[in-house]
Structures are given as structure tokens and as C-alpha cells.
Amino acid sequence: MTVTVRRLAAAGLSAALFAGLSGCGSAENEESPEDRAAALINQVNAAMKKTSFHSTGTTTAFADSKQETTYDPKKGLRTVASGSVPGEMYCKDGRNYLSAGLLAASLEQRGQSVDVPEELADVYVYTDTGQDCSALFAIAESGKLAPEKDTEVSGKPATAIEVTAQGTSDTYYVAASGTPYLLRLESERGGQKSTTAFGDFGEPTDVTLPDESDTMPLEEFRKETGQQ
């Protein structure tokens, strides 16, 4: 900070300097909580987008299910679901792939009953979203700092960012020092809760997309299963 001293009476000089110095760090010069949250969210999303990682945890999508995700910015993303609804999901270059059984279970949750014929049981159904795969784990811009939830994750200080909407809540715990990687995610949707831990940042990964012969566009899958 630079303090500019104008022509003042000698008696008032010390008071003027004191007032100027005490103004350092005033609310006028500080970032608002919203600005700090926005800046941190951008940093976290940028760091996670360009870094390979591995995550494990539960999911709010299906009760009694677990999921394991591997991401590599060059190879793409792979999620393996296990438990009550097993299956796999892949993403690369704006295209998402879902194993037929996992897709059918997802549609049934929305009230659309789907019978997958045996010849399509091993098919991966894809849609072109036009979004980068990092959108699947990015923190929404609407996130807010939640200092009352700041904690430690595996011994590392973590800053909490909360994203809420009607009936949903996501709390992201990000490294408070060093590279702001996402360390843990706690979610709640429709009464279902899940926790996901992230790690192995920058480590070598193995993400291999399904063979093209084992894939099918969503429109064709709907026709084959009588959805259209």
C-alpha cells in the first residue's frame, strides 16, 4: 500500500499517518467471500482438469453401490460401478459411454422401463455432449466457501466449498496449501448420501475406451429396446 501525505499541519501529521496505516487491509481493499470462492473454484477446476487422479467412494445414484474413477487428461475418464447396479462409464473428447445395463438402470430411475436384449448386454451406449470430461467432476461456479466445514483430509488442511440446489448438496474439500486438488467430496441427493476420496494425483493411469465394435449411439439403442 502507498500512503500519500498531503500538506498538513505538523500537529495533525501523526494522526493522519496513523489513520492511513490503519486503513491497510480494510474491507474496501479485501476480496469478498464470493470473489475468493470464485477464484478458488477456478483454480481447483484448472488443476483437476490437467492432472490424472484416482477416486473411490459411494454414489447417490444407486443405493448400496460404489464407484471407482480413473482420469487422465489425455486418455479420458473411466468409472466402474459395483454393488447393487454394476457397470462402467467412459468419457473422452466430449463423448460419454455407458454400459447397457447401467444405462437401463438409470432410465428406470426416471420411470422408463427398459428391457436389454441379451445381444446388447455387453454394448456401451454413447452420446455426444460437447463437454470436456472434466465437467463430470468440476465444481459449479455457484459454489460458496463454507469455513465452518473446513477440516483435515488424510492429515492435510482442507478448505470446504459448498454447492447447494433444491434437494441436493455437494461439499468439496480442497487442499488448503500447495496445488488446490480436490481431496474429498460429500454429496446428498434425495435422501441418499455419498463420500468420494481423491488421490494419486499425477500418477500413471490406465484408461482404455471400449472397442468401437462394442459401442452404439443412444438413438439406435432406443430403437433396439423399443424406446422409440
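Here is how the numbers come out for the structure above:
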| item | result |
| --- | --- |
| Filtered residues of the stretch 78-91 (kept if outside any loop (DSSP other than H, G, I, E, B) and of a type in the set (A, V, I, L, M, F, W, C)) | 80, 81, 89, 91 |
| Test: residue in the stretch 205-215 that is touching a helix residue (DSSP H, G or I) at 6+ places or on another chain (Cβ under 9 Å) and at pLDDT 95 or above | no |
| Restricting the stretch 92-125 to residues that are assigned to a loop (DSSP other than H, G, I, E, B), among the aliphatic types (A, V, I, L, M) and in contact (Cβ under 8 Å) with a residue 40 or more places away in the chain, the residue that is nearest to residue 71 (Cα to Cα) | 123 |
| Residue pairs meeting the criteria (Cβ under 7 Å; at least 6 apart or on separate chains; first more than 18 Å from residue 59 (Cα to Cα) and touching a residue at least 60 places away in the same chain (Cβ under 8 Å), in the stretch 160-171; second part of a loop (DSSP other than H, G, I, E, B) and aliphatic (A, V, I, L, M)) | 161/139; 161/146 |
| Meets criteria (acidic (Asp, Glu), at pLDDT below 80 and at negative phi) for residue 34 | no |
| Count of residues meeting criterion [over 18 Å from residue 205 (Cβ atoms) and either open to solvent by 30 Å² or more (accessible area, probe 1.4 Å) or under 17 Å from the mean Cα position of the chain (by Cα) (or both)] in the stretch 55-95 | 13 |
| Only one of 205, 171, 179 that is in contact with a strand residue (DSSP E or B) (Cβ under 9 Å, 6 or more places away or on another chain), among the polar types (S, T, N, Q) and either farther than 30 Å from residue 121 by Cβ or not in a loop (DSSP other than H, G, I, E, B) (or both) | 171 |
| Residues of the stretch 48-65 satisfying the condition of being at pLDDT below 95 and among the aliphatic types (A, V, I, L, M) | 61, 63 |
| Qualifying residue in the stretch 7-18 (condition: under 30 Å from residue 178 (Cβ atoms), open to solvent by 50 Å² or more (accessible area, probe 1.4 Å) and modelled with pLDDT under 95) | no |
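Results for (1) modelled with pLDDT of 95 or more; (2) touching a Ser or Thr at 6+ places or on another chain (Cβ under 7 Å); (3) open to solvent by 50 Å² or more (accessible area, probe 1.4 Å), shown as yes or no for each residue.
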{"position": "153", "(1), (2), (3)": "yes, no, no"}
{"position": "179", "(1), (2), (3)": "yes, no, yes"}
{"position": "182", "(1), (2), (3)": "yes, no, no"}
{"position": "192", "(1), (2), (3)": "no, yes, yes"}
{"position": "196", "(1), (2), (3)": "yes, yes, no"}
{"position": "199", "(1), (2), (3)": "yes, no, no"}
{"position": "202", "(1), (2), (3)": "yes, yes, yes"}
{"position": "218", "(1), (2), (3)": "no, yes, no"}
{"position": "222", "(1), (2), (3)": "no, no, yes"}
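The values are calculated or read from the model by the stated rules, or taken from the named source; none is laboratory data. Everything numeric in this text was worked out from a predicted model, so none of it was measured. Positions of Cβ are generated from backbone atoms using ideal geometry, with glycine treated the same way; all protein chains shown enter the neighbour counts. Calculation scope for accessible area: heavy atoms of the full protein, side chains included, ligands and nucleic acids excluded. Shrake-Rupley method; radii C 1.70, N 1.55, O 1.52, S 1.80 Å.
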